[in-house]
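The values are calculated or read from the model by the stated rules, or taken from the named source; none is laboratory data. Remember, it's a predicted structure, so these values are computed and weren't measured experimentally. Counting neighbours? That spans all protein chains shown, and the Cβs are built from the backbone with ideal geometry, glycine included. When the accessible area is computed, the model is the full protein with side chains, heavy atoms only, and any ligands, DNA or RNA have been set aside. Shrake-Rupley method; radii C 1.70, N 1.55, O 1.52, S 1.80 Å.
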Amino acid sequence: MSKITAAITAVGGYVPEYVLTNKILETMVETNDEWITSRTGIKERRILKEDGKGTSYLAIKAAEDLIQKKGLDPKEIDLVIVCTASPDMKAASTAAYTATEIGAVNAFSYDLEAACSSFLFGMSTASAYIESGRYKKILLIGADKNSSFINYKDRATCIIFGDGAGAVLFEPNEEGLGLQDELLRSNGEGREFLQATYGGSSYPINKDTFEEGKHYVFQDGKTVFKNAVFNMADVAEKIMKRNDLVNDDIAWLAAHQANKRIIDATANRIKLEDDKVMMNIQRYGNTTSATLPLLLFDYESQLKKGDKIIFAAFGGGFTWGSIYFKWAYNS
Ligand SMILES: CC(C)(COP(=O)(O)OP(=O)(O)OC[C@H]1O[C@@H](n2cnc3c(N)ncnc32)[C@H](O)[C@@H]1OP(=O)(O)O)[C@@H](O)C(=O)NCCC(=O)NCCS
(Lines give C-alpha, C1' and ligand atoms only; values in the text may rest on other atoms or scores of the structure.)
Protein backbone atom coordinates (compact mmCIF):
# COMPACT_ATOMS: atom_id res chain seq x y z
CA MET A 1 0.00 0.00 0.00
CA SER A 2 1.34 3.44 -0.89
CA LYS A 3 2.23 5.81 1.94
CA ILE A 4 -0.46 8.34 2.87
CA THR A 5 0.71 11.93 2.41
CA ALA A 6 -1.01 15.10 3.61
CA ALA A 7 -2.26 17.37 0.82
CA ILE A 8 -4.01 20.73 0.78
CA THR A 9 -7.32 20.27 -1.03
CA ALA A 10 -8.99 23.69 -0.57
CA VAL A 11 -8.14 27.27 0.32
CA GLY A 12 -10.11 30.21 1.72
CA GLY A 13 -9.24 33.73 2.80
CA TYR A 14 -10.49 36.96 4.29
CA VAL A 15 -9.17 40.46 4.91
CA PRO A 16 -11.14 43.25 6.60
CA GLU A 17 -12.55 46.06 4.47
CA TYR A 18 -10.72 49.01 6.00
CA VAL A 19 -7.57 49.88 4.00
CA LEU A 20 -4.79 51.64 5.91
CA THR A 21 -2.62 53.15 3.17
CA ASN A 22 0.87 54.61 3.44
CA LYS A 23 -0.72 58.00 2.72
CA ILE A 24 -2.96 57.67 5.78
CA LEU A 25 0.02 56.59 7.91
CA GLU A 26 1.77 59.81 6.81
CA THR A 27 -0.90 61.69 8.76
CA MET A 28 -0.39 59.52 11.88
CA VAL A 29 3.41 59.26 12.29
CA GLU A 30 6.54 60.89 10.85
CA THR A 31 6.92 58.72 7.75
CA ASN A 32 6.30 58.76 4.01
CA ASP A 33 5.13 56.46 1.24
CA GLU A 34 8.54 56.41 -0.43
CA TRP A 35 10.34 55.30 2.77
CA ILE A 36 7.83 52.57 3.56
CA THR A 37 7.71 51.28 -0.01
CA SER A 38 11.47 51.18 -0.51
CA ARG A 39 12.28 49.67 2.93
CA THR A 40 9.43 47.14 3.15
CA GLY A 41 7.52 46.85 -0.16
CA ILE A 42 4.26 47.59 1.68
CA LYS A 43 1.69 50.01 0.18
CA GLU A 44 -1.36 49.23 2.30
CA ARG A 45 -2.69 46.87 4.93
CA ARG A 46 -6.17 45.85 6.16
CA ILE A 47 -7.42 46.66 9.66
CA LEU A 48 -10.35 45.15 11.56
CA LYS A 49 -11.89 48.25 13.08
CA GLU A 50 -15.11 47.13 14.75
CA ASP A 51 -15.06 46.94 18.55
CA GLY A 52 -15.53 43.49 20.03
CA LYS A 53 -14.43 41.64 16.90
CA GLY A 54 -11.25 39.66 17.43
CA THR A 55 -9.12 37.15 15.57
CA SER A 56 -11.93 34.58 15.54
CA TYR A 57 -13.98 36.94 13.35
CA LEU A 58 -11.25 36.80 10.70
CA ALA A 59 -10.74 33.04 11.15
CA ILE A 60 -14.46 32.32 10.80
CA LYS A 61 -14.72 34.40 7.61
CA ALA A 62 -11.74 32.62 6.01
CA ALA A 63 -13.09 29.21 7.03
CA GLU A 64 -16.57 30.03 5.69
CA ASP A 65 -15.03 31.08 2.38
CA LEU A 66 -13.27 27.71 2.11
CA ILE A 67 -16.35 25.73 3.17
CA GLN A 68 -18.52 27.50 0.63
CA LYS A 69 -16.01 27.17 -2.26
CA LYS A 70 -15.29 23.50 -1.55
CA GLY A 71 -18.93 22.60 -0.81
CA LEU A 72 -17.67 21.04 2.40
CA ASP A 73 -20.01 19.79 5.12
CA PRO A 74 -18.44 21.28 8.30
CA LYS A 75 -19.73 18.29 10.29
CA GLU A 76 -17.09 16.19 8.48
CA ILE A 77 -14.17 18.23 9.85
CA ASP A 78 -12.19 16.27 12.47
CA LEU A 79 -9.94 19.02 13.78
CA VAL A 80 -9.74 22.83 13.59
CA ILE A 81 -6.38 24.41 14.38
CA VAL A 82 -6.22 28.20 14.61
CA CYS A 83 -2.65 29.38 14.24
CA THR A 84 -2.48 32.80 15.86
CA ALA A 85 -0.35 35.14 17.91
CA SER A 86 -3.40 37.24 18.84
CA PRO A 87 -6.04 34.98 20.41
CA ASP A 88 -9.42 36.56 21.17
CA MET A 89 -8.99 36.17 24.92
CA LYS A 90 -6.81 34.58 27.54
CA ALA A 91 -7.91 31.20 28.90
CA ALA A 92 -10.62 30.59 26.24
CA SER A 93 -9.53 28.83 23.04
CA THR A 94 -10.07 30.92 19.90
CA ALA A 95 -10.20 27.72 17.86
CA ALA A 96 -13.03 26.25 19.95
CA TYR A 97 -15.19 29.31 19.32
CA THR A 98 -14.25 29.34 15.61
CA ALA A 99 -15.06 25.64 15.16
CA THR A 100 -18.47 25.98 16.78
CA GLU A 101 -19.37 29.10 14.81
CA ILE A 102 -18.59 27.43 11.47
CA GLY A 103 -20.60 24.33 12.40
CA ALA A 104 -17.67 21.97 12.88
CA VAL A 105 -19.59 20.33 15.67
CA ASN A 106 -17.79 16.98 15.46
CA ALA A 107 -14.31 18.47 15.57
CA PHE A 108 -11.92 19.11 18.42
CA SER A 109 -9.90 22.28 18.16
CA TYR A 110 -7.00 24.21 19.59
CA ASP A 111 -4.80 27.25 19.04
CA LEU A 112 -1.18 26.98 17.90
CA GLU A 113 1.25 29.82 18.59
CA ALA A 114 4.73 30.27 17.17
CA ALA A 115 4.57 33.97 16.22
CA CYS A 116 5.02 34.49 12.46
CA SER A 117 5.96 30.82 12.02
CA SER A 118 2.64 29.62 13.47
CA PHE A 119 1.08 28.59 10.18
CA LEU A 120 4.24 26.88 8.89
CA PHE A 121 4.51 24.86 12.10
CA GLY A 122 0.76 24.19 11.87
CA MET A 123 1.29 22.66 8.42
CA SER A 124 3.68 20.21 10.04
CA THR A 125 1.20 19.38 12.82
CA ALA A 126 -1.77 18.93 10.48
CA SER A 127 0.30 16.76 8.12
CA ALA A 128 1.54 14.49 10.91
CA TYR A 129 -2.05 13.79 12.02
CA ILE A 130 -3.11 13.01 8.45
CA GLU A 131 -0.06 10.80 7.74
CA SER A 132 -0.76 8.86 10.95
CA GLY A 133 -4.19 7.94 9.57
CA ARG A 134 -5.87 9.22 12.71
CA TYR A 135 -7.81 12.10 11.12
CA LYS A 136 -9.08 12.70 7.58
CA LYS A 137 -10.11 16.36 7.42
CA ILE A 138 -8.15 19.04 9.22
CA LEU A 139 -8.95 22.72 8.84
CA LEU A 140 -5.79 24.74 9.40
CA ILE A 141 -6.43 28.46 9.80
CA GLY A 142 -3.87 31.25 10.12
CA ALA A 143 -5.45 34.40 11.55
CA ASP A 144 -4.18 37.50 13.30
CA LYS A 145 -5.59 40.81 14.40
CA ASN A 146 -2.21 42.49 14.76
CA SER A 147 -3.82 45.91 15.10
CA SER A 148 -4.88 44.85 18.61
CA PHE A 149 -1.31 45.22 19.91
CA ILE A 150 0.27 47.75 17.58
CA ASN A 151 1.14 51.24 18.81
CA TYR A 152 -0.01 53.57 16.05
CA LYS A 153 2.46 56.18 17.36
CA ASP A 154 5.47 53.88 16.77
CA ARG A 155 6.58 54.27 13.17
CA ALA A 156 8.94 51.30 13.42
CA THR A 157 6.05 48.84 13.81
CA CYS A 158 2.77 50.44 12.72
CA ILE A 159 3.85 50.58 9.08
CA ILE A 160 4.48 46.84 8.92
CA PHE A 161 1.57 44.91 10.39
CA GLY A 162 -1.96 44.25 9.15
CA ASP A 163 -4.94 41.99 9.94
CA GLY A 164 -6.18 38.99 7.96
CA ALA A 165 -6.84 35.27 7.81
CA GLY A 166 -6.41 32.31 5.49
CA ALA A 167 -7.59 28.73 5.77
CA VAL A 168 -6.60 25.44 4.14
CA LEU A 169 -8.03 21.95 4.30
CA PHE A 170 -5.62 19.04 4.79
CA GLU A 171 -6.71 15.60 3.55
CA PRO A 172 -4.97 12.25 2.88
CA ASN A 173 -3.46 11.77 -0.58
CA GLU A 174 -2.39 8.52 -2.22
CA GLU A 175 -0.47 10.04 -5.15
CA GLY A 176 2.41 11.24 -2.99
CA LEU A 177 1.29 14.88 -3.14
CA GLY A 178 1.33 17.37 -0.25
CA LEU A 179 4.00 17.75 2.41
CA GLN A 180 7.30 16.15 1.38
CA ASP A 181 9.85 17.39 3.92
CA GLU A 182 10.28 20.00 6.66
CA LEU A 183 13.09 21.77 8.47
CA LEU A 184 11.78 23.64 11.53
CA ARG A 185 13.83 25.57 14.08
CA SER A 186 13.67 27.92 17.08
CA ASN A 187 16.08 29.91 19.25
CA GLY A 188 14.82 31.57 22.42
CA GLU A 189 17.76 33.96 22.53
CA GLY A 190 15.87 35.97 19.95
CA ARG A 191 12.88 36.88 22.08
CA GLU A 192 14.34 40.13 23.39
CA PHE A 193 14.40 41.54 19.85
CA LEU A 194 10.71 41.10 19.03
CA GLN A 195 8.02 40.98 21.69
CA ALA A 196 5.08 42.60 23.45
CA THR A 197 6.49 42.49 26.98
CA TYR A 198 3.46 43.21 29.14
CA GLY A 199 0.12 41.46 29.11
CA GLY A 200 1.41 37.90 29.31
CA SER A 201 2.11 35.84 32.44
CA SER A 202 5.56 37.33 33.16
CA TYR A 203 4.32 40.89 33.39
CA PRO A 204 0.53 41.16 33.66
CA ILE A 205 -0.84 44.59 32.83
CA ASN A 206 -1.56 46.93 35.69
CA LYS A 207 -1.95 50.70 35.85
CA ASP A 208 1.81 51.34 35.96
CA THR A 209 2.82 48.92 33.21
CA PHE A 210 0.03 50.25 31.03
CA GLU A 211 1.54 53.75 31.22
CA GLU A 212 4.83 52.37 29.87
CA GLY A 213 3.11 51.10 26.74
CA LYS A 214 5.06 47.84 26.65
CA HIS A 215 1.91 45.85 25.96
CA TYR A 216 2.43 46.97 22.37
CA VAL A 217 4.74 44.98 20.11
CA PHE A 218 8.32 46.21 20.01
CA GLN A 219 11.10 45.15 17.67
CA ASP A 220 14.74 45.83 17.06
CA GLY A 221 14.12 45.96 13.32
CA LYS A 222 17.72 45.60 12.19
CA THR A 223 18.45 42.51 14.31
CA VAL A 224 15.17 40.89 13.30
CA PHE A 225 15.88 41.72 9.67
CA LYS A 226 19.36 40.16 9.72
CA ASN A 227 18.17 37.00 11.46
CA ALA A 228 15.18 36.64 9.15
CA VAL A 229 17.28 36.99 6.02
CA PHE A 230 19.96 34.58 7.20
CA ASN A 231 17.71 31.91 8.67
CA MET A 232 14.90 31.82 6.09
CA ALA A 233 17.37 31.61 3.22
CA ASP A 234 19.44 29.01 5.09
CA VAL A 235 16.61 26.53 5.70
CA ALA A 236 15.16 27.03 2.20
CA GLU A 237 18.52 26.25 0.66
CA LYS A 238 19.11 23.25 2.95
CA ILE A 239 15.72 21.66 2.31
CA MET A 240 16.27 21.96 -1.45
CA LYS A 241 19.73 20.39 -1.20
CA ARG A 242 18.64 17.42 0.84
CA ASN A 243 15.77 16.75 -1.61
CA ASP A 244 18.09 17.09 -4.65
CA LEU A 245 16.14 20.10 -5.92
CA VAL A 246 17.57 22.86 -8.11
CA ASN A 247 15.89 26.16 -8.91
CA ASP A 248 14.38 24.86 -12.20
CA ASP A 249 12.49 22.19 -10.24
CA ILE A 250 10.69 24.75 -8.08
CA ALA A 251 7.44 26.30 -9.30
CA TRP A 252 6.92 28.70 -6.38
CA LEU A 253 8.43 30.23 -3.28
CA ALA A 254 5.76 30.96 -0.65
CA ALA A 255 7.64 32.97 1.96
CA HIS A 256 6.33 34.74 5.05
CA GLN A 257 5.46 38.31 4.02
CA ALA A 258 7.44 40.34 6.58
CA ASN A 259 9.46 42.59 4.29
CA LYS A 260 9.94 42.45 0.52
CA ARG A 261 13.69 42.71 0.95
CA ILE A 262 13.73 39.60 3.18
CA ILE A 263 11.65 37.67 0.62
CA ASP A 264 13.92 38.82 -2.24
CA ALA A 265 17.02 37.76 -0.31
CA THR A 266 15.57 34.28 0.23
CA ALA A 267 14.61 34.00 -3.45
CA ASN A 268 18.11 35.12 -4.48
CA ARG A 269 19.78 32.52 -2.28
CA ILE A 270 17.81 29.70 -3.95
CA LYS A 271 18.23 31.42 -7.35
CA LEU A 272 14.52 31.77 -8.07
CA GLU A 273 13.21 34.16 -10.70
CA ASP A 274 10.78 36.93 -9.59
CA ASP A 275 7.81 35.37 -11.39
CA LYS A 276 8.08 32.27 -9.19
CA VAL A 277 7.98 34.29 -5.97
CA MET A 278 4.51 34.68 -4.47
CA MET A 279 4.09 38.24 -3.25
CA ASN A 280 1.16 40.14 -1.74
CA ILE A 281 2.91 42.10 1.01
CA GLN A 282 2.17 45.30 -0.93
CA ARG A 283 -1.56 44.85 -0.21
CA TYR A 284 -1.69 43.31 3.27
CA GLY A 285 1.62 44.02 5.06
CA ASN A 286 2.70 41.44 7.61
CA THR A 287 -0.39 39.54 8.77
CA THR A 288 1.70 37.17 10.98
CA SER A 289 -0.01 33.73 10.91
CA ALA A 290 -2.09 34.63 7.86
CA THR A 291 0.66 35.43 5.35
CA LEU A 292 1.21 31.91 3.97
CA PRO A 293 -2.47 30.92 3.57
CA LEU A 294 -3.27 34.36 2.11
CA LEU A 295 -0.56 33.74 -0.50
CA LEU A 296 -2.23 30.43 -1.40
CA PHE A 297 -5.59 32.22 -1.46
CA ASP A 298 -4.34 34.87 -3.90
CA TYR A 299 -2.32 32.47 -6.09
CA GLU A 300 -4.65 29.46 -6.02
CA SER A 301 -5.82 29.90 -9.63
CA GLN A 302 -2.19 29.80 -10.88
CA LEU A 303 -1.19 26.66 -8.97
CA LYS A 304 -1.08 23.36 -10.85
CA LYS A 305 -1.21 19.79 -9.66
CA GLY A 306 2.32 18.60 -8.98
CA ASP A 307 3.81 22.11 -8.59
CA LYS A 308 6.76 22.01 -6.19
CA ILE A 309 6.52 24.77 -3.61
CA ILE A 310 9.08 25.87 -1.05
CA PHE A 311 7.43 27.45 2.00
CA ALA A 312 9.57 29.50 4.38
CA ALA A 313 8.83 31.58 7.47
CA PHE A 314 10.54 33.47 10.27
CA GLY A 315 9.05 34.95 13.41
CA GLY A 316 9.36 36.10 17.00
CA GLY A 317 10.89 33.75 19.51
CA PHE A 318 12.86 33.35 17.23
CA THR A 319 11.08 30.63 15.23
CA TRP A 320 11.68 29.70 11.60
CA GLY A 321 11.62 26.94 9.06
CA SER A 322 10.98 25.66 5.56
CA ILE A 323 8.63 23.07 4.09
CA TYR A 324 8.90 21.35 0.71
CA PHE A 325 5.39 20.73 -0.64
CA LYS A 326 3.72 19.34 -3.79
CA TRP A 327 0.44 21.00 -4.79
CA ALA A 328 -2.44 18.54 -5.25
CA TYR A 329 -5.02 20.08 -7.58
CA ASN A 330 -5.83 22.38 -10.50
CA SER A 331 -8.54 24.93 -9.73
C1 LIG B 1 11.63 47.86 10.39
C2 LIG B 1 12.49 48.01 9.16
C3 LIG B 1 11.60 48.21 7.94
C4 LIG B 1 13.36 49.26 9.32
O5 LIG B 1 14.19 49.39 8.20
P6 LIG B 1 15.74 49.72 8.42
O7 LIG B 1 16.33 49.87 7.08
O8 LIG B 1 16.31 48.68 9.32
O9 LIG B 1 15.66 51.12 9.11
P10 LIG B 1 16.26 51.58 10.51
O11 LIG B 1 15.45 51.00 11.63
O12 LIG B 1 17.74 51.35 10.53
O13 LIG B 1 16.02 53.09 10.39
C14 LIG B 1 16.69 53.90 9.44
C15 LIG B 1 16.24 55.31 9.66
O16 LIG B 1 14.85 55.42 9.26
C17 LIG B 1 14.09 55.93 10.35
N18 LIG B 1 12.77 55.30 10.33
C19 LIG B 1 12.34 54.20 11.00
N20 LIG B 1 11.07 53.94 10.71
C21 LIG B 1 10.69 54.90 9.83
C22 LIG B 1 9.49 55.16 9.15
N23 LIG B 1 8.38 54.39 9.32
N24 LIG B 1 9.45 56.20 8.30
C25 LIG B 1 10.51 56.99 8.11
N26 LIG B 1 11.70 56.79 8.74
C27 LIG B 1 11.77 55.75 9.58
C28 LIG B 1 14.86 55.56 11.59
O29 LIG B 1 14.56 56.42 12.67
C30 LIG B 1 16.29 55.74 11.12
O31 LIG B 1 16.62 57.10 11.14
P32 LIG B 1 18.10 57.60 11.57
O33 LIG B 1 19.00 56.97 10.55
O34 LIG B 1 17.98 59.06 11.50
O35 LIG B 1 18.29 57.04 12.94
C36 LIG B 1 13.40 46.80 8.94
O37 LIG B 1 14.42 46.79 9.92
C38 LIG B 1 12.68 45.51 8.97
O39 LIG B 1 11.86 45.22 8.13
N40 LIG B 1 13.00 44.64 9.93
C41 LIG B 1 12.38 43.35 10.03
C42 LIG B 1 11.02 43.52 10.63
C43 LIG B 1 10.23 42.28 10.56
O44 LIG B 1 10.24 41.62 9.56
N45 LIG B 1 9.53 41.98 11.64
C46 LIG B 1 8.65 40.89 11.72
C47 LIG B 1 9.41 39.62 11.64
S48 LIG B 1 8.32 38.31 11.51
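Express the accessible area of the chain per residue in Å², computed with a 1.4 Å probe while the remaining protein chains stay in the model. Display every interim value, and only then the final one.
Working: 14570 Å² over 331 residues.
Spelled out: the 1.4 Å probe surface of the chain, per residue, equals 44 Å².
Among the trypsin sites (Lys or Arg not before Pro) in the stretch 147-192, which ones are in a DSSP loop with at most 13 other Cβ atoms within 10 Å of the Cβ? Mind listing them?
When the trypsin sites (Lys or Arg not before Pro) of the stretch 147-192 are filtered for loop state and at most 13 Cβ neighbours within 10 Å, Lys153 remain.
Using a Förster distance of 22 angstrom, determine the FRET efficiency expected from the C-beta separation of Lys305 and Lys238, and round it to 0.05.
Working: r = 26 Å, r/R0 = 1.20.
Calculated transfer efficiency: 0.25.
Rounded to the nearest 5, what % of the DSSP beta bridges within the chain are antiparallel ones?
Details: 39 of 56 bridges.
Around 70 percent antiparallel, to the nearest 5.
Put a dot 7 Å past each Cα toward the Cβ at Ser331 and Glu101; how far apart are the dots in nm?
In this crude spin-label approximation the distance works out to 2.2 nm.
Ordering Val11, Val105 by how much accessible area each has at a 1.4 Å probe, largest first, what is the list?
Values: Val11 0, Val105 95 Å².
Sorted descending by solvent-accessible area, the residues read Val105, Val11.
Gap in Å between the Cα centre of the stretch 199-239 and the Cα centre of the stretch 28-72?
The distance from the Cα centre of the stretch 28-72 to that of the stretch 199-239 comes to 20 Å.
How big is D for the stretch 179-326, in µm² s⁻¹ as a whole number, if Stokes-Einstein is applied with the Kirkwood radius of its Cα pairs at 4 °C and 1.567 mPa s? Working shown, then result.
Values: Rh = 16.3 Å.
Once the numbers are plugged in, D ends up at 79 µm²/s.
In whole Hz, with x marking every Gly and Pro, tabulate ³J(HN,Hα) for the stretch 277-289 from phi via Karplus 6.51 cos²θ - 1.76 cosθ + 1.60, θ = phi - 60°.
Result, ordered by residue: 9, 5, 8, 9, 4, 4, 9, 10, x, 8, 9, 6, 6 Hz.
Taking N as the number of residues in the stretch 169-259, what is its alpha-carbon radius of gyration divided by 2.2 N^0.38 Å? Can you show the working numbers first?
Working: Rg = 19.2 Å, N = 91, 2.2 N^0.38 = 12.2 Å.
My calculation over the Cα atoms of the stretch 169-259 gives 1.57.
With only alpha-carbon atoms counted, please give the Rg and Dmax of the stretch 54-186, in Å.
15.3, 52
Could you calculate the contour length gain from Lys222 to Phe108, that is, 0.36 nm times the residue separation minus the distance between their Cα atoms, to one decimal place in nm?
On the way: separation 114, 0.36 × 114 = 41.04 nm, distance 4.02 nm.
Separation in residues times 0.36 nm, less the Cα-Cα distance, equals 37.0 nm.
Taking the Cβ of Pro74 as the center, what net charge do the other residues with Cβ under 12 Å away carry, scoring Lys and Arg +1 and Asp and Glu -1?
Working: positive: Lys70, Lys75, Lys137; negative: Glu64, Asp73, Glu76, Asp78, Glu101.
Computed value for this residue: -2.
Once you list every other residue whose beta carbon is under 15 Å from the beta carbon of Arg155, what net charge do they have if Lys and Arg are +1 and Asp and Glu are -1?
Summing Lys and Arg as +1 and Asp and Glu as -1 gives -1.
Can you figure out the FRET efficiency of Thr21 with Asp51, using R₀ = 22 Å and their beta-carbon distance, to the nearest 0.05? The partial results should precede the final answer.
Working: r = 22 Å, r/R0 = 1.02.
Once rounded, the FRET efficiency stands at 0.50.
What FRET efficiency, computed as 1/(1 + (r/R0)^6) with R0 = 25 Å and r the Cβ-Cβ distance, is obtained for Ser124 and Arg39, rounded to the nearest 0.05?
0.20
Taking all protein chains together and a probe of 1.4 Å, list His256, His215 from the most accessible to the least accessible.
Heavy-atom accessible area, descending, gives His215, His256.
Could you tell me what a quarter of the Cα convex hull surface of the chain works out to, in nm² with one decimal place? Please list the in-between numbers first.
Working: hull surface 65.6 nm².
Result: a mean projected hull area of 16.4 nm².
Could you pull the Cα extents of the stretch 1-50 along its three principal axes, largest to smallest, in whole Å?
Here the Cα extents, ordered largest to smallest, are 62, 30, 11 Å.
Considering only the stretch 5-176, what is the antiparallel percent among its DSSP beta bridges, to the nearest 5?
Bridges in the stretch 5-176 that DSSP calls antiparallel: roughly 65 percent.
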